[in-house]
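Everything below concerns the one structure shown next.
The values are calculated or read from the model by the stated rules, or taken from the named source; none is laboratory data. No experiment lies behind these values; they were computed from the predicted model shown. Because the Cβ atoms are built from the backbone with ideal geometry, glycine has one as well, and the counts that use them run over all protein chains shown.
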Amino acid sequence: MHVGARFAKWGLGLFIFGVFLTFGIIAHYCVGARWPTGELFKQNISLWWACPWTLSVAAVQAGGLGMVAIGLTLMLAARVSPMRPSEEGSAALWLCIVGLLGVFAVGYPGYFVFDAIWPSFYYSPVAAGKNAWLLGQALFIAVYFAGAIFAFNAARRALNAVSVESRI
């Protein structure tokens, strides 16, 4: 139950943090891009409509909600199952936290670091910079995903132990 509550609390906190981060996206839309956007940029829909932080903010928000769902499921499993979800959920919790904070670090403030190394990497076709930046975010999304899978397995094992009679 303790790990589930921590998942839910951290998830809510990260979701609210993601909502706060959207103010940066709004400011970016109000001020405009630092670099000129060319025709090639406008043809690439995968660039999230000219704001480089959209992916990291969406990952933090969706991941935070995912952690809330995992936490509530772990809490339910701890109540109804004769087998308690194991403390491996603690490692899963930290993988999820590190994953989401890492996505934020690479995708949001890290954008400025990558932009200093490869000026205008996001708005012009500087493939090396864009690929390194996106792969960094993908790495942390994979860390989050691994934590979510570990937590899912802990909840699944506990819920599988619920007897058929108690389900009715």
* Structure fact -> For the range 80-90, the count of residues that are within 26 Å of PHE17 (Cα to Cα), surrounded by 17 or more Cβ atoms within 10 Å (Cβ to Cβ) and of a type in the set (S, T, N, Q) equals 0
* When you go through (1) touching a helix residue (DSSP H, G or I) at 6+ places or on another chain (Cβ under 9 Å); (2) closer than 23 Å to ALA158 by Cβ one by one for ARG79, which number turns out not to apply? -> (1)
* Asked: What are the residues in the range 92-143 that are more than 13 Å from the chain's Cα centre (by Cα) and of a type in the set (Val, Ile, Thr), if any?
  -> VAL113, ILE117, VAL126
* To do: Scan VAL143, VAL106, VAL126 and give me the residue that is buried (at least 18 other Cβ atoms within 10 Å of the Cβ), without any contact (Cβ under 8 Å) to a residue 12 or more places away in the chain, at negative phi and out of contact with any Pro (no Cβ under 6 Å at 6 or more places or on another chain).
  => VAL126
* Does the range 91-100 include one or more residues that are crowded, with 19+ Cβ neighbours inside 10 Å, of a type outside the set (Gly, Ala, Ser) and modelled with pLDDT under 90? -> no
* Applying the selection to the range 132-160, what residues are over 22 Å from LEU74 (Cβ atoms) and of a type in the set (A, V, I, L, M, F, W, C)? -> ALA132, TRP133, LEU134, LEU135, ALA138, LEU139, PHE140
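Looking only at the range 69-80, decide whether some residue is under 14 Å from the mean Cα position of the chain (by Cα) and in a helix (DSSP H, G or I).
Yes; the residues of the range 69-80 include at least one that is under 14 Å from the mean Cα position of the chain (by Cα) and in a helix (DSSP H, G or I).
What is the residue count in the range 1-50 for residues that are part of a loop (DSSP other than H, G, I, E, B) and either touching a Leu at 6+ places or on another chain (Cβ under 7 Å) or at pLDDT 80 or above (or both)? Give the derivation first.
In the first step, residues of the range 1-50 are kept if they are part of a loop (DSSP other than H, G, I, E, B); the result is 1, 32-38, 44, 48-50.
Going one step further and asking which of them are either touching a Leu at 6+ places or on another chain (Cβ under 7 Å) or at pLDDT 80 or above (or both), we end up with 48.
Residues that pass the stated criteria total 1.
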* Considering only the range 109-122, how many residues are among the small types (Gly, Ala, Ser), without any contact (Cβ under 8 Å) to a residue 60 or more places away in the chain and either touching a helix residue (DSSP H, G or I) at 6+ places or on another chain (Cβ under 7 Å) or surrounded by 14 or more Cβ atoms within 10 Å (Cβ to Cβ) (or both)? -> 1
